[in-house]
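Taking it in order: structure first as structure tokens, then the write-up.
The values are calculated or read from the model by the stated rules, or taken from the named source; none is laboratory data. It should be emphasised that the depicted structure is a prediction, and the values quoted were computed from it without experimental measurement. Here the Cβ positions follow ideal geometry from the backbone for every residue, glycine too, while neighbour counts run over all protein chains shown.
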Amino acid sequence: MDEVARDFGSLSAMIDESPDLHRLVRSPVLSRQDQQRAMDAVLAAAGCGALIRRFIGVLADNRRLFVLRDIIAAYRAIVAERRGETVAEVISAQPLSDQQVQQITAALTGALGGKVNVAARVDAAILGGLVVKVGSRMIDNSLSTKLQRLRLAMKGVG
């Protein structure tokens with residue numbers, strides 16, 4: 001279970017950091033064989049285990065690589081639940097440093113009580129700030145949302 005979680009974490013980070021890999025996973029244009037070969041090469045270079053490589057091969061063969069991020073998130077949630085942890089997804093405009101992740105983890109641990117597992121993700125569309133999702137709760141402190149609220153407030157005034 002830990003090996004799969006580690007491999008999924010590495011794969012998720014690679015997808016976040018590489019626009020080409022993100023396109024490979026999302027592209028309906030590429031053939032099954034091209035997706036399988038490319039993903040196998042990436043996973044082999046990353047040192048991922050045989051179980052993950054076969055699983056990703058099945059996803060590629062069934063044209064389901066586009067749901068890979070959702071599968072990884074669901075797996076993390078199941079593992080966290082079994083360990084008695086809370087999963088928090090933190091979305092930022094730029095990659096977070098290890099120190100920032102540790103500070104966020106400490107703050108969430110204090111606020112939620114119990115162990116918190118932070119899954120950091122990058123989405124440049126939020127422009128700045130953070131979006132934190134814990135279960136069905138979401139704290140959106142992103143710059144894009146603040147600008148949207150300001151835009152709506154100005155429309156209401158004029």
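Counting the residues of the stretch 119-129 that are assigned to a strand (DSSP E or B) and surrounded by fewer than 18 Cβ atoms within 10 Å (Cβ to Cβ) gives 2.
If you filter the stretch 16-38 down to residues that are touching a helix residue (DSSP H, G or I) at 6+ places or on another chain (Cβ under 7 Å) and within 22 Å of Asp123 (Cα to Cα), you find that the one that is surrounded by the most Cβ atoms within 10 Å (Cβ to Cβ) is Val25.
In the stretch 98-110, the condition of being exposed (fewer than 13 other Cβ atoms within 10 Å of the Cβ), outside any helix (DSSP H, G or I) and assigned by TED's automatic domain parsing to the domain that holds Arg121 is met by no residue.
Within the stretch 140-158, the only residue that satisfies the criterion of being surrounded by fewer than 14 Cβ atoms within 10 Å (Cβ to Cβ) and either in a strand (DSSP E or B) or under 16 Å from the mean Cα position of the chain (by Cα) (or both) is Asn141.
The single condition among (1) over 19 Å from the mean Cα position of the chain (by Cα); (2) among the hydrophobic types (A, V, I, L, M, F, W, C); (3) under 22 Å from Val4 (Cα atoms) that Ala106 does not meet is (3). Of the residues examined, Ile91 is one that is assigned to a strand (DSSP E or B) and either out of contact with any Asp or Glu (no Cβ under 9 Å at 6 or more places or on another chain) or assigned by TED's automatic domain parsing to the domain that holds Leu130 (or both).
Specify which of the listed residues (Ala60, Ala46, Ala93) is surrounded by 12 or more Cβ atoms within 10 Å (Cβ to Cβ), among the small types (Gly, Ala, Ser) and under 17 Å from Ala119 (Cα atoms). Going through Ala60, Ala46, Ala93 in turn, the sole match is Ala93. With respect to Ile72, determine if the residue is in contact (Cβ under 8 Å) with a residue 40 or more places away in the chain, closer than 29 Å to Leu24 by Cβ and not in a strand (DSSP E or B). Answer is yes for this residue.
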